[in-house]
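*Asks:* My questions will all concern the structure given below.
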Amino acid sequence: MSGRVCASILQRASSYTLTLSSAAVLQYSNVVAFSSSQPRPAHQCHFSSWATSRPDQLCFTGEESGNWSQSGQRHLSTRQDLDFQLSQVQINSILRSNEQTVSVPEFDGRGLSAVKKFESNQLAANTPNEDRRSAATCLQSRGMLFGVFDGHGGWACAQAVSERLLYYIAVAMMSKQSLEELEKCMEHGRPVPPILQWHKHHSDFNYRESASLYIDHLRVFWQELLDSGEHGEGMIPVDAMDRAFKRLDADISLEAQVPLSNDLMKSTAIQVAFSGCTACVAYVGTEGIHVANAGDCRAVVGVLEEDGSWSALPLSQDHNSQNQAEMERIKAQHPPSERDTVVTDDRLLGVLMPLRAFGDVRFKWSLELQQSILSSLESGVDLDSLNLYQYTPPNYLTPPYLDVSPEITYHKLRPQDRFLILGTDGLWDELGSEEAVRLIGEHLSGIHLQAPVSPSERQMKLGQIHELLLKRRARASPALDTNSATHLIRHALGTGEYGELCQERLSSLLALPEDLARMYRDDITATVVYLNSDLARHQQS
């Protein structure tokens, strides 16, 4: 273990002394620190392919030892000796602290459920975590909603969207009669019939000060649906999801512009609007799955093939610079003179990696409106926390450059469709879709299929045969976690050269102090939804 901080870490640490504009850019977690062109470290157990900035060389000399928080995270003090080798107990404590498992009754009184259970987990790299997750049963329809949300520029927008979006979708799908009942209860001060049954983790929290504002705007939404005269039995999921995404984003924008009852609500509304988040939401009904995606989170179905192997069926497309159709969509919205500046360095205006998102009004509002809102803030508002949003993206000529229009897909459930994975980009940075499905599929079945030896492999030399055997043994290793989302995260961070779980690598990445962790990994959120294949089989017969 080296006794000094490697040169690359010192160089990065010195970047903490920044001007206001560059500091503002640095706060955007999807925006900075690492461009997509920067090579990621290879998955090798002994870090043999890492450059001088590899985690096993990170060490500060000093008299104080690091302290562990209750959440299992290590905090960096001014003088501190960092030990990057954790015990198995410490690793498990960190990985499992946010895991969640919820079983769903096969018959819940309203009909058969398409979901058997779901398992979820989160691992933070940012402090605090900028990812959020949501899960709820729609009490007015036969289906469940699941969402993952990846914040940037802070966690404020992801928090608000995780609380509110599922309500907007559920309300849009409700019948006119049900909405009229909600409105009558509100008018007469009676208890409102529940819309969602939430499945929350004990660490989840809500914006309590803003709850009344959120309810008021949700009510305005359903009033407008009633006034339209065309609502009838409610929107189909495709229309409901599209309408809900756009309406919530419009409400977030409006709330940052109007007078609010107290400074805390105003400060929250500003932070929600000026920060941003991507969102991927799945509505799992009795017949199929609808996925609405805006940004670079991802939804994948795990399919069990007839030969016992697993394949991945993508239900979303990443909205980033690697998506050529998305690039053309963005460029077509602006004059030809901006084709070379709309996306630079694989980022929107050189700053933002996802090309669709909630919030992020710095990429949507005119400069005049932004300056007017920020300059009108009174001293009671937390101005220090809002300094980030004073930064203006370069080449900001013809806004808006960003919207939240979701791309919506539908997949009819089949007996071979066994589970759905929803993950933020922190997961997909480390794992491909096929690999993630294989990990969950083998975790579910306990069967690890090995491909037959190919003709070329029969000509291997002894050393190559040894390497092949190591890879095969790694695939057949027993799972350490009962929770499949934890299983995914463990393998995403701890996979070694031969596909084996590498304790050294995992320990080094988890032991990184809070101010360095984001340099090596992103916040990770994964939700695995197990599907009721018997229901799909019954519907096909």
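*Asks:* Under 9 Å between Cβ atoms, which residue pairs at least 6 apart in sequence (or on different chains) link something in the stretch 493-504 that is without any contact (Cβ under 8 Å) to a residue 40 or more places away in the chain and over 15 Å from residue 92 (Cα atoms) with a partner that is charged (D, E, K, R) and open to solvent by less than 30 Å² (accessible area, probe 1.4 Å)?
*Replies:* Pairs that qualify, where the first residue is without any contact (Cβ under 8 Å) to a residue 40 or more places away in the chain and over 15 Å from residue 92 (Cα atoms) and the partner is charged (D, E, K, R) and open to solvent by less than 30 Å² (accessible area, probe 1.4 Å): there are none.
*Asks:* Quick one: in the stretch 103-143, which of the residues that are in a strand (DSSP E or B) and small (Gly, Ala, Ser) is nearest to residue 519 (Cα to Cα)?
*Replies:* Among residues in the stretch 103-143 that are in a strand (DSSP E or B) and small (Gly, Ala, Ser), the one nearest to residue 519 (Cα to Cα) is 120.
*Asks:* Another question, then. Only one of (1) at pLDDT below 95; (2) on the phi > 0 side of the Ramachandran plot is not met by residue 295, so which one is it?
*Replies:* The one condition residue 295 does not meet is (1).
*Asks:* Give me a count of the residues in the stretch 173-192 that are open to solvent by 70 Å² or more (accessible area, probe 1.4 Å) and assigned to a helix (DSSP H, G or I).
*Replies:* 7
*Asks:* Suppose the filter is at pLDDT below 95, hydrophobic (A, V, I, L, M, F, W, C) and out of contact with any Leu (no Cβ under 6 Å at 6 or more places or on another chain); does residue 149 pass it?
*Replies:* No; evaluated as a whole, the condition is false for this residue.
*Asks:* Residue by residue through the stretch 392-439, note down the ones that are small (Gly, Ala, Ser), in contact with a Phe, Trp or Tyr (Cβ under 9 Å, 6 or more places away or on another chain) and either crowded, with 23+ Cβ neighbours inside 10 Å or part of a helix (DSSP H, G or I) (or both).
*Replies:* 436 - this is the single residue of the stretch 392-439 that is small (Gly, Ala, Ser), in contact with a Phe, Trp or Tyr (Cβ under 9 Å, 6 or more places away or on another chain) and either crowded, with 23+ Cβ neighbours inside 10 Å or part of a helix (DSSP H, G or I) (or both).
*Asks:* For residue 96, which of the numbered conditions (1) more than 27 Å from residue 238 (Cα to Cα); (2) at pLDDT 95 or above; (3) over 27 Å from the mean Cα position of the chain (by Cα); (4) of a type outside the set (A, V, I, L, M) fails to hold?
*Replies:* (3)
Yes or no, residue by residue, for (1) hydroxyl-bearing (Ser, Thr, Tyr); (2) surrounded by 14 or more Cβ atoms within 10 Å (Cβ to Cβ):
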{"residue": "236", "(1), (2)": "no, no"}
{"residue": "243", "(1), (2)": "no, yes"}
{"residue": "267", "(1), (2)": "yes, yes"}
{"residue": "273", "(1), (2)": "no, yes"}
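*Asks:* I've got another one for you. Filter the stretch 139-171 for residues that are closer than 13 Å to residue 237 by Cα and in contact with a Gly (Cβ under 7 Å, 6 or more places away or on another chain); which is surrounded by the fewest Cβ atoms within 10 Å (Cβ to Cβ)?
*Replies:* Per the stated criteria, the residue is 142.
*Asks:* Can you tell which of 353, 327 is farther than 30 Å from residue 286 by Cβ, hydrophobic (A, V, I, L, M, F, W, C), surrounded by fewer than 20 Cβ atoms within 10 Å (Cβ to Cβ) and within 26 Å of the chain's Cα centre (by Cα)?
*Replies:* Residue meeting the stated conditions: 327.
*Asks:* What single numbered condition from (1) more than 30 Å from residue 298 (Cα to Cα); (2) open to solvent by 20 Å² or more (accessible area, probe 1.4 Å); (3) free of Cβ contacts under 8 Å to residues at least 60 places away in the same chain; (4) not aromatic (Phe, Trp, Tyr) fails to hold for residue 231?
*Replies:* (2)
*Asks:* Further, regarding this structure: From the list 195, 252, exactly one residue is touching a residue at least 24 places away in the same chain (Cβ under 8 Å) and over 21 Å from residue 140 (Cβ atoms). Which is it?
*Replies:* On inspection, the qualifying residue turns out to be 252.
*Asks:* Ok, one more. Name the strands (runs of 3 or more DSSP E) wholly within the stretch 256-358 that hold at least 1 residues that are basic (Lys, Arg)?
*Replies:* 298-304
*Asks:* May I pose another question? Check the stretch 491-498 and report whether any residue there is charged (D, E, K, R), open to solvent by less than 10 Å² (accessible area, probe 1.4 Å) and within 18 Å of residue 432 (Cβ to Cβ).
*Replies:* No, because not a single residue in the stretch 491-498 is charged (D, E, K, R), open to solvent by less than 10 Å² (accessible area, probe 1.4 Å) and within 18 Å of residue 432 (Cβ to Cβ).
*Asks:* Of all residues in the stretch 87-101 being of a type in the set (Ser, Thr, Tyr) and open to solvent by less than 70 Å² (accessible area, probe 1.4 Å), which is nearest to residue 122 (Cα to Cα)?
*Replies:* So, considering only residues that are of a type in the set (Ser, Thr, Tyr) and open to solvent by less than 70 Å² (accessible area, probe 1.4 Å), the one nearest to residue 122 (Cα to Cα) is 97.
The values are calculated or read from the model by the stated rules, or taken from the named source; none is laboratory data. Keep in mind that what you see is a predicted model, and the values were worked out from it rather than measured. Please note: Cβ atoms are built from the backbone with ideal geometry, for glycine as well, and neighbour counts cover all protein chains shown. Surface areas here come from the heavy atoms of the whole protein model, side chains and all, with no ligands, DNA or RNA. Shrake-Rupley method; radii C 1.70, N 1.55, O 1.52, S 1.80 Å.
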